[in-house]
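In what follows, a single structure is set out as C-alpha cells and then discussed.
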Amino acid sequence: MFAEADFVDPATGLPDPNLLLARISVNEGVLVVDTLTSIENVTGTAGDDSITGNSGNNILDGGAGNDIISALGGADTLLGGEGDDTLLPGNGTDTVDGGAGNDTADFSTVSFPVTVNLSTGTAMYVNGAGVLVVDTLTSIENVTGTAGNDSITGDAADNVLSGGGGNDTINGGAGTDIVAIAGTLADVDIAIAGNVATVTIGGNTLTITDGEFLAFNDGTDFEIAVPEVELVGFSVLPADTFAEGPPAGGDNGNGQPISANGRTGPFPGQPVQGFSGVQFADAEGSFFFLADNGFGAQANSTDFLLRIYQVDPDFAGAESGDTSVAIEDFIQLSDPNNLIPFDIINEDTTERLLTGGDFDIESFVIGADGDIWIGDEFGPFILHFDSEGTLLEAPISTPLNFPSIPGDFVRSPFNPEVLAGAATANLGASDGFEGLAFSPDRNTLYPLLEGPVTGDPATALRIYEFDVPSSSFTGLVGFYELEFAANAIGDFTPINDNEFLVIERDNLAGSAAEFKRIYKVDFSVIDADGFVEKELIADLLSIQDPNDLNGDGATSFDFPFVTIEDVLVIDENTIIVANDNNFPFSIGRGPDIDNNEIILLELEQPLNLDPRLGQEAVNDLTSEPVFGTPGDDILEGGLNFDAIRDLLFVGGGADLVDASPVTETIGTGPRNRVYGGTGTDELLAGIADRLFGGSGNDELNSVNGTGGNRLFGGDGDDEITVGSGDRAFGGLGNDILEASLSEGGARLYGGAGDDLFSLGAGDRIVGGDGNDQIFVGQGGNNLITGGAGADMFAIANADIPTEVNTITDFEAGVDTISINGLGLSFANVTLSPQEGDTLVSVPGGNLAVLLNINPNSLSAANFMFG
C-alpha cells in the first residue's frame, strides 16, 4: 500500500517538493520503503491504499479498494475509484471524485469553516488570505466537516453527514440521511420542531434540517425524522371537574389536606382526573377513561375512589363541536366478596370500594364478554372485574420467570408482601403495568411494565402474555426498548395481531419537554436480544394544526404534558390521545394547572387495522333492541337478527329466549344482551352473551354455548347452568348454580341466599351470604370461598377427586366438611399440617386444603358422612 512518509524540509517543516512521496509496502511480511523524488501523481493498487500528496498540484488515484487519499497544498485531483473511499481535500482548489462505491469527502484537515453542498457538487471556504477557495465534488455520498462552524447540505441520495465540531448547520435533503455525532445519546440534548432538530453537545449546537437519524460513537442511533401528524379533533375537560362521591384530597399522607397550585382539599367530590387508559364505550362516540390511583402516591390517595368514567368529547374539528367534554357515567371498582387477600382502606365496609391507597391502576381492557381487566403498578397485579366493577378473583401476581416458580414474583416497593417485610422488591416504584394491550379476539392480554425488572437491561421493558380464558400468565413476548433509560411508557394498544402502539415519554413538561412520542411495535420482528421492532409514527411535540382547533392563534400544536397515558386507534388514519393531568400538581400547558385534553390525530401513513378493532367495529356490534310482549314470548337472537349484539327485552310472562343459534360472528361473538323481566323466564346463551333473569324464578343456561357468557339471576330462586369459561351470579334468592356439565374454568357467585353449587373441575366459586351447599365433582382443582353463613363443603361425592380442592375460608364450628358415597367415617380422615394450612386426606387420596386452618382445631364435629 502507499502511505505518507515524513520527508520534510528541515528549514520549513513542510514537505520537500523534491521528496514528493514515499511508497511503504509490506511484501511477504517484509517492510518495503521506496523513496520517490519529483513525482507529482500517484495511482494506487487494488487494495486499501493510503495516499498523501504534497504542496504541489497532484493527481492522486486510489484505484480499487477502500482508500484514504489526502491532499495538502496545490490544486489537486483526488480520484477514489472503486470502493468506499475517504477523500481529504487540502488547502488548495481541489477536484474530488469519489468514483464507484460509498465515498466520503472529509474536510477535517481544512483550517477554515466550509460550506458543502452535494447537490451542487461544491465545497467552499475563505482561506487565511481572504481568498475564496472552491472545491469540486463528484460522486460523493458522505461529508465530514471541520472543527469550525460549517454548513453542510446533502443531496437526493442517502447521506452520512458529520459536522466535525463547532456550531454546524446540516441539511440532509431528500433520501434517508444520517447525522454522525461524536459522542453518545446521553451526551446530547435534542429538540425537534417539524423537520428541524436542534442538537446540543459539548457547548456546540447542530441545527439539522431533513435529517432522519442521529448515529453515535457507541453504535446507537436515534430517529429525528418526524412523521407529519395533524390535529383533527380537540376537546378539553377542565381540571376542576368533580363527580359525585365523598370528598377527596383530605389527607396528603401527613394528616394535612392536599394543597398545590391554589387548590386545597378536601375537594367537593371526586376529581375526574388522572386518565390512564381509554377504550370505546359505545357507538355514539363516547369513551371509557380509567382514572389512576389519584394524587400520585399511595399515602395521599386513600380517599380517591378508583373508577372508570364514561365521557363524551365534543370535538372541535372532527365533530364541529365546542371542545367540551361531558361526564356521562362511571363504573366504581369494588371488592364486596372479599377476594383481596390483604387489608384494603375500606376493609370493614360492606361495599369495600377500592381506592388509590389499595391499587395504582394504570391500564385496562374490556374483554369480549364485557369483563374489565386492569393493570396495576403497586403489585404489579392483573385485576379482573365484571362489567359493573365488581372484583371477580383475587389479584393475579406477576411471575418473575417462565416456567414460573410458586411464590417467585415481580414485586414493586408497594407490593403488600414487600410492605410486610416478607419479600424484597425487584421492580422500581411506579414501574408496574402502565400498558395493557390485547389481541383483536380479546383472548390474550399483553401487560407492559413501565420500568425494568432487576437484572434486565436498563432500557428493556417486559411485555408479558396473559391468557384470558385461563386467567393466567403464559410467558413473555419480548422487550420494548426505551430510547432513553430515564424515559417511561404511557399506554399500549393494538392495531392488529402483531402491531401495537406505545406511548414513550420523558418526565418533563412545558417548554422543558423534549420527548413525547408514539411508536408502532411489531411482535413478529424480534431481534437477538429479545427487543420488538419499533417505528416512530408521531411526535406529540410536533403536530400540525392548520385550522387552529385549540384556538391559540397558531397553526402548530404540541402536547407538552409530563404524563400522556391514553392512546386508542379510531380508524386506520386516526388515533385518540389524552393526558393524565395529575390534578392538582402538573403545569405543562400553563399558566394554570393542566386540564384533561382529549385530541384526535390524523397520521401520515395509514395503519393496517384489524377489522375487529376501531370505531367501525364498535358500530358494527350494535343493533336495535327487540321487545317481548306482556305474554309468553319466544325470542331468538343470533341469525334471526344480525348475529351481533342483539338486545332483547322479554317483558312479563313465562318467556323463552334463545340467544345461542349463532354460526357466524364478528370478532369473538355477538355479545347479545337479554333482560328477562318480571316473569319466570328460560334464557339460553350462545357466544359471549349476557343474560339477566330479572325478578322471578328463572332458568339461565349456557352449557351449549361456546364460552364467555355472563349469567345474572337477579331476584328470585334461579337455576343457572354454565359452560366452560362462563360466569354466573345468583343474586338474591336461594339459587342453584351448576357447573358440573362444563369442562372447567367456570366462575360462580351465589350472592345473598342459601345457594346450592355443583362444580366440575377447575372452577372458582364465592358462595356469598347465606348457608350454602357446595358439591365438587371428580375433577377437583376447584377454588372455593363459602362467604358468610354456615356453609357445607361436600369435597368428595362417590369418587376421590383427581386433584385437590382448595377452601379459602373454612370456619371451624360454623362450616361443615361433607364426605359422601365412600363408606368412610371420621376415623378414616387424616388431617395434616401444610405450611399453615390443613390437608384433608382419606384412603385413596387427598381431598382438600383448608387455608389458614390448624388441624388441631378440627374434630369429628366439623365433618359429616353419607
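The values are calculated or read from the model by the stated rules, or taken from the named source; none is laboratory data. Just so it is clear, the model here is predicted, and its values are computed rather than measured. Reconstructed Cβ throughout: ideal geometry from the backbone, glycine too, with neighbour counts over all protein chains shown.
Consider V236 carefully, then state whether it is at negative phi, among the β-branched types (V, I, T) and not in a loop (DSSP other than H, G, I, E, B).
On the way: at negative phi: yes; among the β-branched types (V, I, T): yes; not in a loop (DSSP other than H, G, I, E, B): yes.
For V236, the condition - at negative phi, among the β-branched types (V, I, T) and not in a loop (DSSP other than H, G, I, E, B) - is met.
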(request) For region 780-789, indicate whether the set of residues that are more than 25 Å from S724 (Cα to Cα) and not basic (K, R) is non-empty. (result) yes
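Every residue, every condition in (1) assigned by TED's automatic domain parsing to the domain that holds L691; (2) under 24 Å from I587 (Cβ atoms); (3) touching a residue at least 12 places away in the same chain (Cβ under 8 Å); (4) of a type in the set (D, E, K, R), yes or no:
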residue: P271; (1), (2), (3), (4): no, yes, yes, no
residue: S276; (1), (2), (3), (4): no, yes, yes, no
residue: A281; (1), (2), (3), (4): no, no, yes, no
residue: E284; (1), (2), (3), (4): no, no, yes, yes
residue: F289; (1), (2), (3), (4): no, yes, yes, no
residue: Q298; (1), (2), (3), (4): no, yes, yes, no
residue: P313; (1), (2), (3), (4): no, yes, yes, no
residue: E328; (1), (2), (3), (4): no, no, yes, yes
(request) Go through region 348-363 and count every residue that is surrounded by 24 or more Cβ atoms within 10 Å (Cβ to Cβ) and either modelled with pLDDT under 95 or closer than 26 Å to G751 by Cα (or both). (result) 3
(request) Check whether at least one residue in region 413-430 is part of a loop (DSSP other than H, G, I, E, B) and among the charged types (D, E, K, R), and report yes or no. (result) no
(message) On the basis of being in a loop (DSSP other than H, G, I, E, B) and in contact (Cβ under 8 Å) with a residue 24 or more places away in the chain, does I817 make the cut?
(response) no
(request) Could you grab me the full set of residues in region 116-170 that are over 21 Å from D85 (Cα atoms) and hydroxyl-bearing (S, T, Y)? (result) Y125, S151, T169
(request) Could you give me the residue pairs with C-beta distances under 9 Å whose first residue belongs to region 582-603 and is farther than 15 Å from A260 by Cβ, whose second residue is acidic (D, E) and not in a loop (DSSP other than H, G, I, E, B) wherever it lies, and which are 6+ apart or on separate chains? (result) R589/E597; I598/D566; L601/E230; E602/E230; L603/E230
(request) Determine whether F315 is aromatic (F, W, Y) and either more than 24 Å from D335 (Cα to Cα) or in contact with a helix residue (DSSP H, G or I) (Cβ under 8 Å, 6 or more places away or on another chain) (or both). (result) yes
(request) Output the residues belonging to region 198-217 that are more than 28 Å from the chain's Cα centre (by Cα) and of a type outside the set (S, T, Y). (result) V199, I201, G202, G203, N204, L206, I208, D210, G211, N217
(request) Pairs only if they're at least six apart or on different chains, beta carbon under 6 angstrom, first in region 778-807 and farther than 16 Å from E393 by Cα, second in a strand (DSSP E or B) and among the charged types (D, E, K, R); list them, first residue then second. (result) G780/E803
(message) With the requirement that a residue be touching an Asp or Glu at 6+ places or on another chain (Cβ under 8 Å) and at pLDDT below 95, what does region 594-606 give you?
(response) E604, P606
(request) Please go through region 509-522 and pick out each residue that is surrounded by 16 or more Cβ atoms within 10 Å (Cβ to Cβ), in a loop (DSSP other than H, G, I, E, B) and not aromatic (F, W, Y). (result) A509, A513
(request) Check V477 against each of (1) assigned to a strand (DSSP E or B); (2) in contact with a helix residue (DSSP H, G or I) (Cβ under 7 Å, 6 or more places away or on another chain) and name the one condition it does not meet. (result) (2)
(request) Output the residue which, of all residues in region 523-545 that are part of a loop (DSSP other than H, G, I, E, B) and modelled with pLDDT of 95 or more, is surrounded by the fewest Cβ atoms within 10 Å (Cβ to Cβ). (result) A528
(message) I'd like the full set of residues that are modelled with pLDDT of 90 or more and among the hydrophobic types (A, V, I, L, M, F, W, C), limited to region 767-794.
(response) I774, F775, V776, L783, I784, A790, M792, F793, A794
(message) Take residues that are at pLDDT below 90 and tell me which of the strands (runs of 3 or more DSSP E) falling wholly in region 126-224 contain 1 or more.
(response) 189-193, 196-201, 221-223
(message) Considering only residues that are surrounded by 14 or more Cβ atoms within 10 Å (Cβ to Cβ) and hydrophobic (A, V, I, L, M, F, W, C), which ones fall in region 467-492?
(response) V468, F473, L476, V477, F479, L482, F484, A488, I489, F492
(request) Of the numbered conditions (1) closer than 18 Å to A180 by Cβ; (2) not in a strand (DSSP E or B), A100 fails exactly one; give the number of that condition. (result) (1)
(message) So, in region 26-81, exactly how many residues are modelled with pLDDT under 85 and under 20 Å from T104 (Cα atoms)?
(response) 1
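Yes or no, residue by residue, for (1) of a type in the set (G, A, S); (2) closer than 15 Å to V453 by Cα; (3) crowded, with 21+ Cβ neighbours inside 10 Å:
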residue: W373; (1), (2), (3): no, no, yes
residue: F381; (1), (2), (3): no, yes, yes
residue: S387; (1), (2), (3): yes, no, no
residue: A394; (1), (2), (3): yes, no, no
residue: L400; (1), (2), (3): no, yes, no
residue: S404; (1), (2), (3): yes, no, no
residue: E417; (1), (2), (3): no, no, no
residue: A422; (1), (2), (3): yes, no, no
residue: A425; (1), (2), (3): yes, yes, no
(request) Could you tell me whether any residue of region 827-842 is assigned to a strand (DSSP E or B), small (G, A, S) and touching a residue at least 12 places away in the same chain (Cβ under 8 Å)? (result) yes
(request) Test S324 against the stated conditions and say whether it is within 29 Å of G614 (Cβ to Cβ) and either at pLDDT below 95 or aromatic (F, W, Y) (or both). (result) no
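Yes or no, residue by residue, for (1) in the same structural domain as D506 (by TED's automatic domain parsing); (2) crowded, with 16+ Cβ neighbours inside 10 Å; (3) over 26 Å from S511 (Cβ atoms):
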{"residue": "V160", "(1), (2), (3)": "no, yes, yes"}
{"residue": "D168", "(1), (2), (3)": "no, yes, no"}
{"residue": "D177", "(1), (2), (3)": "no, yes, yes"}
{"residue": "A182", "(1), (2), (3)": "no, no, yes"}
{"residue": "L185", "(1), (2), (3)": "no, yes, no"}
{"residue": "D189", "(1), (2), (3)": "no, no, no"}
{"residue": "T198", "(1), (2), (3)": "no, no, no"}
{"residue": "G211", "(1), (2), (3)": "no, yes, no"}
(message) Let me confirm something: among I587, I593, I575, which residue is outside any loop (DSSP other than H, G, I, E, B) and in the same structural domain as E319 (by TED's automatic domain parsing)?
(response) I575
